[in-house]
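To keep things clear, I will list the structure first and then write my remarks on it.
Where a number appears in this text, it was derived from the coordinates with a stated rule and is not lab data. What you are looking at is a predicted structure, and each value in this text was computed from that prediction instead of being measured. Every residue, glycine among them, receives a Cβ derived from its backbone with ideal geometry; neighbour counts consider all protein chains shown.
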Amino acid sequence: MKTNKILLIAVAVLAVAVIVLLARNTSAPTAPENTTGGTTPTTPAKGGSTTSKSTTGGTTTAKPTGGTQSTTPKPSSGIAFLAPTNGAQWIQGELHEIKWSREAGLGGYLSLLDASTKKVVGVITPSLSTRQTSMQWDTQNISLGRTNPTRTAVPVGSYVIRATFDGPIASVDSPAFSVIYASQAKATTHTISLNKFVFDPTSVRIARGQQLIFTNKDTIAYTFYFSSLRTFTLAPGASETYNTLGLSSGIYDLYSDVYTSLKASIIVE
């Protein structure tokens with residue numbers, strides 16, 4: 001009787017051991033623990049960033065994996081346009097000088113933009129030399145692109161000229177100016193008087209094509225020079241008109257060989 005009880009207890013213990021062993025073999029495996037003290041990355045969100053969870057109880061951080069990258073703006077060239085000037089009116093089909101303050105040291109090109117929208121209308125010249133500071137433009141034709149030489153006419157309107165350089169410096173825009181028909185040009189005149197051995201005024205700024213009227217209000221005759229282009233001799237009370245249409249943009253001097261005080265400057269835009 002005693003032997004039977006011992007046998008029953010042994011069988012029960014064996015059964016329990018088998019059950020425990022089976023339970024361990026059928027349980028789900030656990031994820032291995034990061035023993036390096038670092039972070040365990042999680043799956044990055046679509047188009048977003050990858051997050052990392054710290055196994056040491058720290059805070060959750062996010063590392064960007066994409067998105068918009070900012071670009072560093074190009075430094076200023078320090079170049080400024082001298083012509084066209086702000087509000088200048090250039091007659092369509094006439095030759096005008098485009099001028100800027102200094103050499104860029106880089107090649108580039110000039111394009112024509114609508115003054116209001118800044119949309120490129122065309123290319124004035126596809127190539128600038130490294131030492132260039134000016135060029136003549138007929139104010140009539142432009143190319144469709146820097147690499148497209150097809151020519152097209154320039155319509156009348158308000159524009160800016162943009163100098164773009166082949167290097168790490170920013171482009172430069174001219175002041176706004178207008179391309180107009182010849183019939184739209186204003187026939188403006190500027191009067192310069194000679195009296196008591198001086199010009200009055202001593203400086204005049206005009207648009208190319210406007211007229212200068214020289215008037216001698218003194219009691220003596222005067223002979224003076226318009227740079228090296230023209231010699232004027234005015235008797236007392238006489239006047240003479242000079243048309244500046246044939247001039248290029250720039251500064252011209254009025255002076256006399258006899259009277260050193262008789263001098264003035266004409267600025268043609």
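Structural remarks
- Length gained on full extension, S129 to A170: 13.1 nm, using 0.36 nm per residue less the C-alpha separation.
- For S249, nonlocal amide neighbours, meaning residues 5 or more places apart or on other chains whose placed amide H falls under 5 Å from its own, are E97.
- Between the beta carbons of T150 and I267, assuming R0 = 41 Å, the FRET efficiency works out to 0.65 to the nearest 0.05.
- Counting only DSSP beta bridges with both residues in region 81-183, the antiparallel share comes to about 90 percent.
- Cross-link reach is defined here as a Cα-Cα straight distance under 18 Å, omitting same-chain residues fewer than 8 places apart; for K196 the aspartates and glutamates meeting it are D218, D257.
- Stokes-Einstein D (µm²/s) once Rh is taken as the Kirkwood radius of region 81-183 over alpha-carbon pairs, at 4 °C in 1.567 mPa s: 95 µm²/s
- Beta bridges per DSSP with both ends in region 111-242, % antiparallel, nearest 5: 80 percent
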